[in-house]
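Scroll down for the structure; my scribbles are underneath it.
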Amino acid sequence: MIAFIWKILEDLYQFAGFNVINLRYFNPIWAHPSWKLWEDPDGIPNNLLPFIMKVANGELKTLWVFWDDYDTIDGTGVRDYIDVNDLVDGHLLAYKKLEEIQPSPLTPLPKGEGNQWFCDVYNLWVGKGISVLEMIDASRKITGQEISYEILKRREGDVAEVYCNPSKAKEELWFETKVSLDESLENSWKFYKK
Ligand code: UDP
């Protein structure tokens, strides 16, 4: 699916006259202090953070930790979690870069001389991997709750570690994450504890 969307973006660049910035990220923490953006799935969440929060607030009893024998710092899966507010900034910075290249990025450029063409990919990530157990510890600290968990087998399709180097986005988009993991968890907890 992701590769398919990339292909569409490249086609828009190559054949339709659009300048394109392709932003790559995973594992956003959805917690906007305005309370307008939340991740609140029904039932048992597929993703780690809402599951942790639902155990912390008593909605669910025990967190399932999918495997503790990966080749990682403590055996649990490692991901690069990014706050949704930082992601919003990343999108605005990308749009600003497109505007610098062409004042109205949503209007396709006619083929011809004098036009600048641009298509590139940027990673919007913190650049730091955090394990499931580290995430549980950090959440215990913020919520003051026990957060009990049990170790289950690997979830199909999961990989041990996903994190990345965001330096290109830093250098070329001036992207910098501002929200710490603790702040992100605090914002999440504000929502889940109510
Ligand atoms: N994870 C877990 N229990 C869950 C959900 C996720 O242990 O109920 C682990 C998962 O194996 C991975 C990490 O938490 O190592 C992040 O998983 P999530 O589903 O949030 O994101 P993704 O797998 O898409 O990176």
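The values are calculated or read from the model by the stated rules, or taken from the named source; none is laboratory data. The shown structure was predicted, so the numbers you read here are calculated from the model rather than taken from an experiment. Ideal geometry is used to build each Cβ from the backbone, glycine not excepted, and the neighbour counts take in all protein chains shown. These accessible areas exclude ligands, DNA and RNA; they are computed on the full protein's heavy atoms, side chains included. Shrake-Rupley method; radii C 1.70, N 1.55, O 1.52, S 1.80 Å.
For the reader, a short list of remarks on this structure follows.
- Amide H contacts under 5 Å for Glu161: Val78, restricted to partners 5 or more places along the chain or on a different chain, H placed in the peptide plane at 1.01 Å from N.
- Build a GNM of the chain with springs between Cα atoms under 10 Å apart, and of Gly77, Gly129, Gly17 the one that fluctuates most is Gly17.
- Remark: the Cα gyration tensor places segment 79-128 in the prolate category, a/c being 1.5 or greater and a/b exceeding b/c.
- Among Asn47, Asn123, Asn27, residue whose mean-square fluctuation peaks in a GNM of the chain (springs only between Cα atoms under 10 Å): Asn47
- Its DSSP H runs of at least 4 residues, each contributing -39,500 (n - 2.57), put the calculated 222 nm mean residue ellipticity of the chain at -11500 deg cm²/dmol, to the nearest 500.
- Using alpha carbons only: equivalent-ellipsoid semi-axes of segment 6-104, gyration tensor based, whole Å: 36, 18, 12
- For the chain, the dipole from Cβ point charges (+1 on Lys and Arg, -1 on Asp and Glu) about the Cα centre works out to 400 debye, to the nearest 20.
- Overall size of the chain from C-alpha positions, given as principal axis extents largest first: 64, 36, 30 Å.
- Segment 40-75-segment 139-162 distance, computed between alpha-carbon centres (Å): 4 Å
- The largest accessible area among Lys193, Lys36 belongs to the first residue in Lys36, Lys193, and the rest follow in falling order (1.4 Å probe, all chains).
- Rounded to whole Å, the principal axis extents of the Cα atoms in segment 106-194 read 64, 32, 23, largest first.
- Contact order, relative form, for segment 54-143: 37 percent (alpha carbon pairs under 8 Å, 6 or more residues apart, mean separation divided by residue count).
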